[in-house]
Every structure is written in C-alpha cells, then in structure tokens.
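Working notes for the structure below.
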Amino acid sequence: MLEFTGERVVPGRVNADLWNEHLSRYLFATRVARDKQVIDLGCGAGYGTAELARTAKSVLGIDLATDAVEWARSQYGSENIRFEQASCDNAPVPDRSQDVAVSFEVIEHLEQPEKLLAEVRRILSPEGVFIVSTPNIDYYAETRDETGPNPYHHHEFSFDEFRETLGRYFAHVTIYTQNHVPAVAFQSINGSSNSAPIVRMQKAATETDLTSANFFIAVCSQIESPTISSFFYLPSTGNVLREREKHISELEKYLEREKEEHAKAVAQYEKLEKELDAANEWAKSLDADVVRAREVIAHMENEGIAEQQKVAGILTARDAEFEERTQWALSLKSELEQQTHRVNAVLESRWYKLGKKFNFGPDIG
C-alpha cells in the first residue's frame, strides 16, 4: 500500500472531503481533455491520470516519487495511460507535443515554480491549454494558524501573485475559485429509466470572495482560453451533514484524547510537584544537620583548644621545673668541683704530707 504522507492523496486512505476536493479538479479538467493528448505533471498516486484517461486520447502521468509511479502503474493499467518517473520541469516528451497539461497542487511545492511554467510552455502545442491549481495563501494561512506553515510547501500564492506569475508565461489566464459549498440535492432513489440526470443547478447570487477561496484553478493558454462554465461536483459521498457530523465526532474523540493526555500531564505535574516539595524538605533537613554538625565541630575545636592550653601550661611548668633542677644540679656540680679542688689542694700541701708522715692530722686521703 502506498504510504499516506499527509500531503499526497492516496485512494482509500483519506477522508471523503479531502478525496472529493482533489478528484473534482480532474473532473473539471476532463471538460477540455476529451480526445486530447494530455500530460499530468505531478500525478502522485495516479487516480487523476486515470480519470482524465476516461475521455482523453492518451495521458502521461509523471512524478518525481518512484514509489508513487510504481503504485500508479500497478493500479491503473490501460492502453491510453502511461506513467513515468520524472521531474515536472524536465518532462520526457518532445516540444509542442501535448494538447493539455494539468498540474494540481504541485507549484507550491517547488523551489523554482518558474521552471515548471517554462517547461509547460515548451511541451504545449500552440493551441494547448494548461490547467493548474494552488491553495489560496490568504485562506490557507488562516486555517493553519495554530499548526504553522505547511512543511511541504516552498511558496504559496495570493490571487494577484498567482495571476501575475502565470501571466509572464501565458498570454491568456482565466482563474476560477474552488470551494467546498453546501447544497441541497434532490435525487431519485428508485433507479427507474425515466429518472433524468441533473440538468439544472440553481446557483445563489453571491459574489466571489477571493480572500476566503480555498483554492485557485487557472486555465492558461497562448491563444484565447476555452470558455468553461461554473462547475459543481456532487459526489456520491456528498452528504454534507453526514460528513460534518462524522468530522465533529472525530474532533470530539480527538478532544477527549487530548483531555485524557492533559489529565495525565496534570497528574504527572502534581506528582513532580510533590516530589519537589519532598526534595526541598529533605534539603532543609540536610541544612539543619549541617548546621548542627558545624556547631559540634566548633565545640570540639573549642574544647580542643582549652585542652591544648592546659597541656601547654603543664609542659611550661615542667620546663620551668626542669630548668630549675638543671640549675640546681649545675650549682651542686660547681660546688663539688670547688670542694674537690680544695681537698686536692690540702692533699698536696706539705703540712698534710708532714702530718701523714708522722701519723698526725685527719685521714682524708
């Protein structure tokens, strides 16, 4: 199955409104494509190329995406349909070989849209017609206000800019607006042969509002453009009320999911808030513990200083006592030396020696 990227329409993968919006452009183009050589520039999934082939002589669909071309070939085989992988500004066809060229919702995707227009002018016959569509930037930007610019679009056009750009390449440019409009349909349901097809549509007398137009469809040529009357497409899935109710239901489901996600986000926020409060309380308790620890350390330091001072006092006293005792010992030593000197002097005196000889005097030897 061809992937639906959100921009490229794939049959069976989009809602009815989007499908009818794209298919109706090709139905509009069939009014000038009958029995003509047609090229579909940017054919995508190929459903529009196949629609043109219902009345055209032959149709070539080209697209830059290989997967889209392969899908189109597998889905829409026919003798008068051909699909090729190619760029819109380098179509694989000779000069002036095409009677009709169509390019729907492609020009806004191109970095250089002028290359597309120059290529179309090259491949169209002198009487050829080019039908091209693009979103109206005034309306489109408003509808995407919250989601932002379309990431697939390089440049979107206003009415005046679209007309002026096309006018540089084609002598005649007629622009139509494409809008989703409500209608009231009266149709036979018995399928009898006398039930006639719709032959008249009563259009309300309203002026075209270019600023609110959804899309612009331009019919371009070098000769006078063919006259195409206003075109209304009433699809089989065109029950507007049903589609709106379905869309509202989908929006309600989406809103409900968003509410659930919001509730989850709020619950997560409240949980994180409680965890943060708990973390703050824990941090406060740590601060208190740090303050108490600092107080204990300061107290221990103070006690340590006092103890050190006490020990220092004892040591000072011991040093003084040691010094005193040292001095006392030194004085005793000095006195002993003096006494020893005196004794030695006595022993060496002739009086002591004479007394010793005659066994007279003290015995100090």
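The values are calculated or read from the model by the stated rules, or taken from the named source; none is laboratory data. It should be emphasised that the depicted structure is a prediction, and the values quoted were computed from it without experimental measurement. Cβ coordinates were reconstructed from backbone atoms using ideal geometry, including for glycine residues, and neighbour counts include every protein chain displayed. When the accessible area is computed, the model is the full protein with side chains, heavy atoms only, and any ligands, DNA or RNA have been set aside. Shrake-Rupley method; radii C 1.70, N 1.55, O 1.52, S 1.80 Å.
Annotations for the structure displayed:
- Dimensionless Rg ratio for the stretch 1-109, taking C-alpha atoms and the 2.2 N^0.38 Å reference: 0.98
- Three principal axis lengths of the stretch 73-181 [C-alpha, angstrom, descending]: 45, 38, 30
- Annotation: peptides 80-91, 282-293, ranked by per-residue average of other Cβ atoms within 10 Å with the highest first, follow the order 80-91, 282-293.
- Share of carbon and sulfur in the accessible heavy-atom surface of the stretch 259-302 [1.4 Å probe, %]: 60
- Local net charge near Q98, Cβ-Cβ under 15 Å (Lys/Arg +1, Asp/Glu -1): -1
- Here K259 is the anchor, and the aspartates and glutamates within straight C-alpha reach of less than 15 Å, apart from those fewer than 8 places off in the same chain, are E250.
- Cβ-defined net charge surrounding K57, 9 Å radius [Lys, Arg +1; Asp, Glu -1]: 0
- Here is the tail figure for the stretch 21-74: Cα pairs spaced more than 14 Å apart come to 47 percent of all pairs.
- Hydrodynamic radius of the stretch 289-351 per Kirkwood, over alpha carbon pairs, in Å: 16.4
- Unit charges at the beta carbon, dipole of the stretch 1-146: most positive-side option, N20, I39, N90: I39
- Mean separation of Cα contacts under 8 Å, 6 or more apart, over the residue count of the stretch 32-141: relative contact order %: 26
- Given K246/K274; K115/K246; K264/K284, the pairs whose alpha carbons are separated by over 32 Å: K246/K274; K115/K246
- Rounded accessible area per residue of the stretch 25-179, 1.4 Å, Å²: 47
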